[in-house]
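Everything on this sheet refers to the single structure shown next.
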Amino acid sequence: MANTNKNNEELMKMDLYKLLGIEEDATTKEINKAYRKKAVECHPDKNPDNQEKAKDMFDLIKKAKDLLKDIGQRAEYDHKQKAKRAAKAKVQQYDAKRRKMAEDLAQREKRSEEQCQKEQKRKEERAKVDRLRAENLKLVEERNREQEEAAKRRLTDPVFIKVKWNKESSEEQGYNKEQIEKIFSKYGKVEVVVKKRTAIIEFKDPSAAVLAESIEQGLAGNPFKSLEWFGPAPLPQHHQRKFARTTAPSVDDLMRQMRQAQANKGKQ
């Protein structure tokens, strides 16, 4: 990496357009054409009497071609070359008494450029973080799809509920993944994904999801802003048949059972 950066710095100091014999506004096609011509001239096989020098020149024009074809590097190179020419012209305009002022200005411009480079590096790092977040989100989505397909193979369609809340509250009344899991796991097995003030809850048992959707409101001090189906809701006929086959208890019975379980837990 250090050698690469050093090589790039050396290239930035050269007149690459002159090296390839092209204009500064040359297109990619013109760059490739000039490179092929120079490559033939500088190829070591074409220079048997001085192959080492020819090889160095061959490598140099290839690096110049690669740099000028890279949009970002070419923009950086052009900027530095223009700044270099502008600085040279500016210095030539000053006499000896004012040269110190010009040097001070060059130092300020250099510091400004370094600051711009640092800002660009921060932007690139932020872009990398955003890309990693998007990749992680994609992985989560792929995992959810795989889980859904596996559930279908077991002849059981998972269902999803989306909840939102208005604000961040105290630790006792706040929401996080563990808190959401605690609230909804009393209805059945769940998986939770939390992003900001939104959570997606996957229910393996559709009947448990129906029960949660009908009665759950969240914490008393910080109730949910909304609770709705995320994706298709369970088919009524499917659940009517399911409840009929399993003779599911009524909602009131389930509520009494949950209140009794909470009371017993409090006594312990």
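The values are calculated or read from the model by the stated rules, or taken from the named source; none is laboratory data. From a predicted model like this one, the values you see are computed outputs, not experimental measurements. Quick reminder, even Gly has a Cβ in these numbers, built from the backbone with ideal geometry, and neighbours come from all protein chains shown. Note: accessible area is taken over every heavy atom of the protein model, side chains too, but ligands, DNA and RNA are not part of it. Shrake-Rupley method; radii C 1.70, N 1.55, O 1.52, S 1.80 Å.
Restricting attention to helices (runs of 4 or more DSSP H) lying wholly within segment 148-267, give those where 2 or more residues are surrounded by 15 or more Cβ atoms within 10 Å (Cβ to Cβ), at pLDDT 65 or above and basic (Lys, Arg).
Here the list is empty.
Which condition number in (1) open to solvent by 90 Å² or more (accessible area, probe 1.4 Å); (2) over 30 Å from residue 191 (Cα atoms) is the one that residue 114 fails?
In the conditions (1) open to solvent by 90 Å² or more (accessible area, probe 1.4 Å); (2) over 30 Å from residue 191 (Cα atoms), residue 114 misses (1) alone.
Take the conditions within 30 Å of residue 108 (Cβ to Cβ) and open to solvent by 70 Å² or more (accessible area, probe 1.4 Å) and apply them to residue 82. Does it pass?
Yes.
Open to solvent by 90 Å² or more (accessible area, probe 1.4 Å) and not basic (Lys, Arg): which single residue out of 22, 71, 31 fits that description?
The unique qualifying residue is 71.
So the check is Cβ under 7 Å with 6+ separation or different chains; which pairs have a first residue in segment 180-208 that's of a type in the set (Ser, Thr, Tyr) and a second one that's not in a helix (DSSP H, G or I)?
198/162; 198/164; 207/248
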